[in-house]
Amino acid sequence: MKILMIAPTPFFADRGCHTQIYEEIKALQGLGHEIVLCTYNLGRDMPGVKTARSFVFPWYKKLSAGPSYTKIFLLPLLFFTTIKTIIKFQPEIIHAHLHEGAVIARICKIFFPRKKYLFDMQGSLTGECLQHGFIKQGGFGYKIISFLEKKIANWSFVITQSDNMVSELRSLGVSDDKIANVKDGVDTDIFKPLQADENLAEQLKLDLNKPRIIYMGLLEKYQGADIMFEAFKKVAEKINDIQFIIIGFPNIEKYKKYCEELGIEKNVIFLGRVEYGKLPGYLSLAEVAVAPKISLTEGDGKIYNYMAMGLATVAFDRGVSREILGET
């Protein structure tokens, strides 16, 4: 089967949303389907993924997550790329990622009404805009975004990744026969328990004889980063030789300064962005992993990676994290 995916994001930039899209493509290809991904002309091409990229404004360099006014200009360009690719590729299914992708798919349906359309919903649009300070609770912008989110959710069949998101969709008026809870997963041929990479540890000046905790993900307040570093301080007060390994971006300098303020700068190693394919080697260096995400509805794919590597995992007691980790 031919499937065209729409991803209004700078794919691939080594973050959770992109990892989910990439692993979905690999899984579908493994089942014999042919995929073409339409995305922005920003990001890294991934091996084995046929990609159609739109024109992008030269000044747009944002790789991190979150809303942006510039996307208003990027989305029409991605729409035209999608239309051209549909004509050339002739897919049977249009698989739209994120709410912006669902909007593009909805317009495509005007021109290609016989195609089958699918919305892959990774989180709440209203919740994301609130977390990023893009809108205020109860304000005019909040009402507009909430209205749009409800409309978008009811346009086509929706797949999501958690029981919490299924409940969210029901609250938006989506009937159960239009929802599928398709759990995230992890490639256990790549992410699996490994011996600590001693050469890598030496390069990073990491002592494998001392306790080690790792985090990978975006360094943003709404991802729980501030709370995580505050917790690190409490741990360091009890275990003074603890080592914290941080894989992620953006705001590296901001959080380096924050660690200095907390007095834990000597315990923390910031590695910045690490290519997805190299993550197993870095994760092998740790004994414990943390997932401090605080959103009540968003998924947290990193937990699957942690579990596959055999790492003890610490997360907040929120529905999505408990759903993934189970009673462990």
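The values are calculated or read from the model by the stated rules, or taken from the named source; none is laboratory data. This is a predicted model, so every value here is computed, not measured. Backbone-built Cβ (ideal geometry, glycine too); neighbour counts: all protein chains shown.
At-a-glance table
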quantity	calculated
Any hit, segment 237-249, residues being touching a residue at least 12 places away in the same chain (Cβ under 8 Å), surrounded by fewer than 19 Cβ atoms within 10 Å (Cβ to Cβ) and not in a loop (DSSP other than H, G, I, E, B)	no
Whichever residue in segment 95-109 is in contact with a helix residue (DSSP H, G or I) (Cβ under 7 Å, 6 or more places away or on another chain) and in a helix (DSSP H, G or I) and, among such residues, is surrounded by the fewest Cβ atoms within 10 Å (Cβ to Cβ)	Ile107
Tally, over segment 110-135, of residues that are in contact with a Phe, Trp or Tyr (Cβ under 6 Å, 6 or more places away or on another chain) and modelled with pLDDT of 90 or more	1
Residue in segment 277-308 that is surrounded by the most Cβ atoms within 10 Å (Cβ to Cβ), counting only those that are over 25 Å from Gln131 (Cα atoms) and touching a helix residue (DSSP H, G or I) at 6+ places or on another chain (Cβ under 6 Å)	Leu285
Any hit, segment 198-217, residues being within 28 Å of Leu279 (Cα to Cα), without any contact (Cβ under 8 Å) to a residue 12 or more places away in the chain, outside any loop (DSSP other than H, G, I, E, B) and basic (Lys, Arg)	no
Pick from segment 283-304, criterion assigned to a loop (DSSP other than H, G, I, E, B) and closer than 20 Å to Val268 by Cα, ranking: modelled with the lowest pLDDT	Lys293
Enumeration of residues in segment 251-276 that are within 23 Å of Gly133 (Cα to Cα) and buried (at least 17 other Cβ atoms within 10 Å of the Cβ)	Tyr255, Tyr258
Candidate set: segment 169-196, residues that are assigned to a loop (DSSP other than H, G, I, E, B) and of a type in the set (Lys, Arg); chosen: the one farthest from Tyr282 (Cα to Cα)	Lys183
Residue in segment 271-279 that is of a type in the set (Ser, Thr, Tyr), closer than 20 Å to Ser162 by Cα, in the same structural domain as Gln203 (by TED's automatic domain parsing) and in contact (Cβ under 8 Å) with a residue 40 or more places away in the chain present	no
Inter-residue pairs, beta-carbon under 7 Å, first under 18 Å from Val186 (Cα atoms) and in segment 305-328, second surrounded by fewer than 17 Cβ atoms within 10 Å (Cβ to Cβ) and modelled with pLDDT under 90, 6+ apart	Glu323/Asp163
Segment 8-29, residues that are small (Gly, Ala, Ser) and not in a helix (DSSP H, G or I)	Ala13
Of all residues making up segment 117-147, the number that are in contact (Cβ under 8 Å) with a residue 40 or more places away in the chain and not aromatic (Phe, Trp, Tyr)	11
One residue from Gly43, Gly32 being part of a loop (DSSP other than H, G, I, E, B), modelled with pLDDT of 95 or more and not assigned by TED's automatic domain parsing to the domain that holds Gln223	Gly32
Check on Gln137, outside any helix (DSSP H, G or I), farther than 30 Å from Ile214 by Cβ and not hydrophobic (A, V, I, L, M, F, W, C)	yes
Every residue from segment 305-328 that is aliphatic (A, V, I, L, M) and part of a loop (DSSP other than H, G, I, E, B)	Met309, Leu311
